[in-house]
1. Identify, by number, the condition in (1) at pLDDT 90 or above; (2) away from RNA strand B (no atom under 16 Å from the Cβ); (3) of a type in the set (Gly, Ala, Ser) that residue A:435 doesn't meet.
2. Would you pick out the residues in segment A:201-214 that are at pLDDT below 90 and in contact with a Ser or Thr (Cβ under 7 Å, 6 or more places away or on another chain)?
3. Only residues that are in contact (Cβ under 8 Å) with a residue 60 or more places away in the chain, open to solvent by less than 60 Å² (accessible area, probe 1.4 Å), within 11 Å of RNA strand B (Cβ to nearest atom) and not in a loop (DSSP other than H, G, I, E, B): list them for segment A:375-395, please.
4. Among the residues of segment A:433-451, are any open to solvent by less than 20 Å² (accessible area, probe 1.4 Å), over 23 Å from the mean Cα position of the chain (by Cα) and of a type in the set (Val, Ile, Thr)?
5. When segment A:755-781 is examined, which residues are found to be open to solvent by less than 40 Å² (accessible area, probe 1.4 Å) and of a type in the set (A, V, I, L, M, F, W, C)?
6. Looking at segment A:741-774 only, could you name the residues that are of a type in the set (S, T, N, Q) and within 10 Å of RNA strand B (Cβ to nearest atom)?
7. Counting only residues that are of a type in the set (Lys, Arg) and part of a strand (DSSP E or B), which one in segment A:290-347 is nearest to residue A:194 (Cα to Cα)?
8. Specify the residue that is farthest from RNA strand B (Cβ to nearest atom); the eligible residues are those in segment A:396-414 that are of a type in the set (A, V, I, L, M) and more than 20 Å from residue A:180 (Cα to Cα).
Amino acid sequence: MSIKEFAKGYEPHEVEKRWYAYWEKEQLFTAEDQSPQASYSIVIPPPNVTGVLHMGHALNNTMQDILCRYRRLRGDNVLWMPGTDHAGIATQNVVEKNLAQEGTDRHQLGREKFIEAVWQWREKYGSAIINQLKRLGASCDWGRERFTMDKGLSIAVRKVFVQLYEEGLIYRGNYIINWCHRCHTALADLEVEHEEHDGHLYHIRYPFPDGSDGIVVATTRPETMLGDTAVAIHPEDPRYQNIGHDTVLLPLMNREIPIIKDSYVDMSFGTGGLKVTPAHDPNDFEIGARHNLASLKVISDNGDMTAEAGSYEGLDRFECRQAVVKDLDQQGLLIKVEPYKHSVGHCYRCKTVVEPNLSKQWFVRVKPLAEKAIAAVKNGETKIIPDMWTNTYYDWMYNIRDWCVSRQIWWGHQIPAWTCGDCGEIVVAMEAPQACQACDSKNLVQETDVLDTWFSSALWPFSTMGWPQETPLLKTFYPTSALVTGFDILFFWVARMMMMGIHFMGQVPFKEVYVHALVRDEAGKKMSKSKGNVIDPLSVIERYGTDAFRFTLAAFAAQGRDIKMSEKRVDGYRHFINKLWNAARFSMMHLDRGYEAANLQNLSLPDKWILSRLQHVTSEVTAALDSYRFNEAAGAIYNFVWHEFCDWYLEAIKPALYDNDRRDTLESTRAVLWRVLRDTLVLLHPFIPFVTEEIWHHLPGTDGSIMKAVHPVDAAESNRHQKAEAEMALLMEVITAIRNVRGEMNIAPSLSLQVQVQSDDRHTRKICQAHQDLIINLARLSSLTVENPGQRPKSSATAVVNSASIFVSLEGIIDFAKETQRLERAIKKLAAELTTVAKKLENEGFLTKAPADVVEKVRQKQSALLEKQQKIQTNLDKIKEVEA
RNA sequence: GGGCGGUUAACUCAGCGGGAGAGUGCUACCCUCACACGGUAGAAGUCGCUGGUUCGAACCCAGCACCGCCUACCA
């Protein structure tokens, strides 16, 4: 390997392009339909086909990719199922906007042509997000990519709809739903975003028919009064026990409406009178049902007032509000208007204020499905991680209400229901029926509504694997191993997949659900286009490289905490990638072949030590990844690479590598260096796939892709060299102590020092003696002597490590004042520590109640501290003597 | 209204019953033959507040304060 081929700095872009193409060409992401290996599977949360990659996707898919690559390296047969979601409303909106620019609209085109236009749009732009996922390094099995509107998935949707209908779990009815006037469709309760608004509370007097006082009601939406069909009071409200009237006169409309008694009314709110508008309020709808009230729809599906609104017909709903208020005021019926904060529902797709509206829709009866989905989590078939989401899941499932699944748009799965034009019979079937089941009429019209997009994505874990056919893929990979998703779609998607998976597959869709946090901006604010604080993942990738970006995401992905992202942080981890690159670059200068078969006996201390530390970090990384603690895995390996491998190991072995006279140590050290670098690359590969693959191909003795390597096994603590770790720790402390003296005494790094170590501990002396080259080299010494305690070398600065006193000879350059100061500071620090330790040991309770090993540990600490303090004190005294 | 999370070094965050940690930033010195996207060393914290449990609390419990989020049929 020539250094020329190894650039001084890592340049990601060309490397990323090259290796991604290579992985795809070599089919390294492909899962086997059947395999003797253990199966591991994840289905991707399908991004909207209209989407562009945002930070949430980047985090979500980086995590999945880490897990999948990790499992492949462990030898599993891994399926990461990719695909996109047809995103009914969102996609329709986008295409409609395009049409508007061309001066046309979907109604001019007609349904069929419009759908065609959407498919064309998808052909053209639908792969954008897929390509962006590839930039991120996602190792999905692209050959199996699915789309929720694909033929196979559409069959699954129909099958599910028909079966649920036959089981009585889907029904059609006239109910209050949330209506978006802009998207012109019903929305499920979940699809409504509530937001606090500063509004007004209007108090309106509804007089009795004879014109007397009447009842005062309060409302935030006065325009709905036009559709009132009753006024309700609480049956026990003392204020209304003797009113002597059964009706009031609805102002503006001059309609007599009944006064009804219903315990839903809150007596403590306002005057205790409640206007009832069954067609425009969910509560009122229920009250209306209880009291057989008529429902008058005064707001149309377009958002303007209907003929039922009398003279207000045709006004926009908000204009109408102004008009109604003005008219009431003129008639003296507006008692007062007060500012009022209340929450207003908005469409989650277009942010328009939604209106509760009476409408004929299709619903899924979810209670029975939810019960099983609750049970599956209760009995552990599916585990939600972190656990805090479990309660949120239960809470929602327990309070679940029927799911409105019909949407009045064109882009989506058309509901497989046909109405007979002659007898009104409804036929629900997989295929268009030839004739009406009831009257044999051929006059059948298919339902024009389509299904909620989430209806099809609820089937994703099995529909993508070929269901309703019994495919080998399902057998191998269902239930999936894990689902990785953000909490924002816990209800939308996760809960519904649970219900559908259990109902149709008889098994939960995933064994574990890892719920991750949100990516926010630097200030912790949610990223949004309107705030202008979005960071585009692709621009981050452009600037810093995919690996640096991925490692940043992993490093900050602590469970249960949002990630605050800034480019500065990515830059920090770019340094890490570069560090790794240069460590490899250095290593390559000394490795000309593979050392797979090398005999690793008779190793030097640093060699034994680094192998032991490698073992340790392997345990840490595997344990962390097995429990979705991505940040801990990333942190562990970061520390290992930078601070153990680079800072200590590479520095420690340099003499051996450059010493051509000692072929034996040279070769064994090279072998260890090779082994450690190789395993480190494999450990790192799931996090930073590109740079590790690139280095892998520079590393002699490797064959093919790093993706085919074997992940270092977690052989637990048994392979640790405890002795080597302890010895190395001692040497590191000695070296650090000497460096500390150098730093604090302001001695030029170029000046070689003479050092004497004195210790009455034979073991300490032996280790320092045996590894004096290491100390000399790493602490930049000209000489090192190791002695029994004795005469203190003249003009020296001192440090104490364990039982050893370290004398750094500073003949001619010692600054006694500085040294005195330094030692006094050290003693002061020790004294503080000794106080806390002594306090413990003087505490009777501690001595009797604390575990023996804890007490023993504190005792040992005390004696160590005392010894150290005393040694430093002695040195301090000596200096003062000399000085005096 | 109900629930959840957060509050630890200047910043970002780990730690969650027995020695207050990391990264970034900061200070000093250094272009030492992998890396200045670097090296060596250093300074820096009543672990939000108040009580309680415990021999021992950043960590467990209760209350409070302030942020953030989710949820809800409060007209």
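The values are calculated or read from the model by the stated rules, or taken from the named source; none is laboratory data. Source: prediction; values computed, not measured. Neighbour counts are summed over all protein chains in view; Cβ atoms, including those assigned to glycine, are modelled from backbone coordinates with ideal geometry. These area figures cover heavy atoms from the full protein model, side chains too; ligands, DNA and RNA do not enter into them. Shrake-Rupley method; radii C 1.70, N 1.55, O 1.52, S 1.80 Å.
1. Residue A:435 satisfies every listed condition except (1).
2. A:201, A:209
3. Within segment A:375-395, A:389, A:392, A:393 meet the criteria.
4. Yes, segment A:433-451 contains a residue that is open to solvent by less than 20 Å² (accessible area, probe 1.4 Å), over 23 Å from the mean Cα position of the chain (by Cα) and of a type in the set (Val, Ile, Thr).
5. A:755, A:757, A:767, A:768, A:774, A:775, A:778, A:779, A:781
6. First, pick out the residues of segment A:741-774 that are of a type in the set (S, T, N, Q): A:746, A:750, A:752, A:754, A:756, A:758-759, A:764, A:769, A:772.
Selection gives A:746, A:750.
7. Quick first cut of segment A:290-347, residues of a type in the set (Lys, Arg) only: A:290, A:297, A:317, A:321, A:326, A:336, A:341.
Applying the additional criterion that residues be part of a strand (DSSP E or B) yields A:336, A:341.
Working: A:336: 26, A:341: 12 Å.
It comes out as A:341.
8. Our first condition is that a residue be of a type in the set (A, V, I, L, M); within segment A:396-414, this holds for A:397, A:400, A:405, A:409.
Narrowing further to those that are more than 20 Å from residue A:180 (Cα to Cα): A:397, A:400.
Working: A:397: 12, A:400: 9 Å.
The selected residue is A:397.
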